[in-house]
Amino acid sequence: MAKGSVCAHCGAEMPLRSLALTCSNACRQAAYRARRKAERAAAVPAELRARARWVRHAAKRPMRTDGKWASTTDPSTWSDYATARDCARGEGIGYVLAPGDGVVVVDLDHAVRADGGLEPWARLIVDALPTTFMERGRSGTGLHLWFRGELVHGRKIRRGEVALEVYGRDRYIILGDRVPGSPSELAELPDVAAVISGLVATRPGSTP
């Protein structure tokens, strides 16, 4: 039988005049998973992918790629991005915030409404901060804002509806899905502690 193109996933020859891109449903699904993995990888800032700060996670605990538990203070338990991404153990990947790296994450809990919009208090904070890489947490209601900055002591703030945490070291952040339209780069956030304190002090938990 005459042959045409080849399967986009496995490379098998396809029948002549076939308009399909893959030779079977299994290959179609595998190609979709591979495409989604590539899309998610491309959405992660290159400066984070370049660092060996990655772990897997299970039950909200950091995990090594060999299945043992990882430590947020022991670099020997971390992996490079590709190794952690391709590992099948655990539930997903996370990034360890390490001293001296200059990466800070602002975590807004319960910030995303069911319709995908931001709660008013969260919108005020996001709009007041530099535009940066953002991703939704695994729960779907949290929001992570990633910055370049220095922060020795993390903070957890609960004031009315405001539920905010900010960390720069000895923590790991479970990676979610990039917020559409947000850049794949980290913005500078000098004097992180003062900026966050100022934002919360001028934005009470009551809905404006």
Cα-based shape type of the range 119-208, given that a ≥ b ≥ c are square roots of the gyration tensor eigenvalues and the cut on a/c is 1.5 = rounded
Residue among Arg53, Arg148, Arg158 with the largest mean-square fluctuation in a Gaussian network model of the chain, springs linking Cα atoms under 10 Å = Arg158
Cα-centre dipole for the chain with unit charges at Cβ (Lys and Arg positive, Asp and Glu negative), debye to 20 | 760
Protein accessible area in the range 67-125, 1.4 Å probe - carbon and sulfur % = 49
For the pair Leu124 and Glu188, how long in nm is the line joining their label points, each one 7 Å along Cα→Cβ?
-> 2.8
Would you mind calculating the gained length between Glu47 and Thr131 on full extension (0.36 nm times residue separation, minus the Cα-Cα distance), in nm to one decimal?
-> 28.6 nm
Accessible surface, per residue, of the chain when the full set of protein chains is kept, probe 1.4 Å, Å² = 53
In terms of the Cα gyration tensor, with a ≥ b ≥ c the square roots of its eigenvalues, is the range 36-105 rounded because a/c is under 1.5, prolate because a/b exceeds b/c, or oblate?
-> oblate
Note to self, the chain gives a 222 nm [θ] from helices alone (DSSP H runs n ≥ 4, -39500 (n - 2.57) apiece, / all residues, nearest 500) of -6500 deg cm²/dmol
Starting from the Cα-Cα distance between Ser139 and Lys68, subtract it from 0.36 nm times their residue separation and give me the gain in nm to one decimal.
-> 23.1 nm
So Asp86 and Cys10, fully extended at 0.36 nm per residue minus their Cα-Cα distance, gain in nm 25.5 nm
Rounded if a/c is under 1.5, else prolate if a/b beats b/c, else oblate: with a ≥ b ≥ c from the C-alpha gyration tensor eigenvalues square-rooted, which is the range 20-159?
-> oblate
So the angle from the long Cα axis of helix 192-201 to the longest Cα principal axis of the chain, reported in degrees to the nearest 10, equals 70
Between Lys156 and Ser197, with labels modelled 7 Å along Cα→Cβ, what's the label distance in nm to one decimal, could you check?
-> 2.0
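The values are calculated or read from the model by the stated rules, or taken from the named source; none is laboratory data. Keep in mind that what you see is a predicted model, and the values were worked out from it rather than measured. Every residue, glycine among them, receives a Cβ derived from its backbone with ideal geometry; neighbour counts consider all protein chains shown. Heads up: the accessible areas ignore ligands, DNA and RNA and are worked out on the full protein's heavy atoms, side chains in. Shrake-Rupley method; radii C 1.70, N 1.55, O 1.52, S 1.80 Å.
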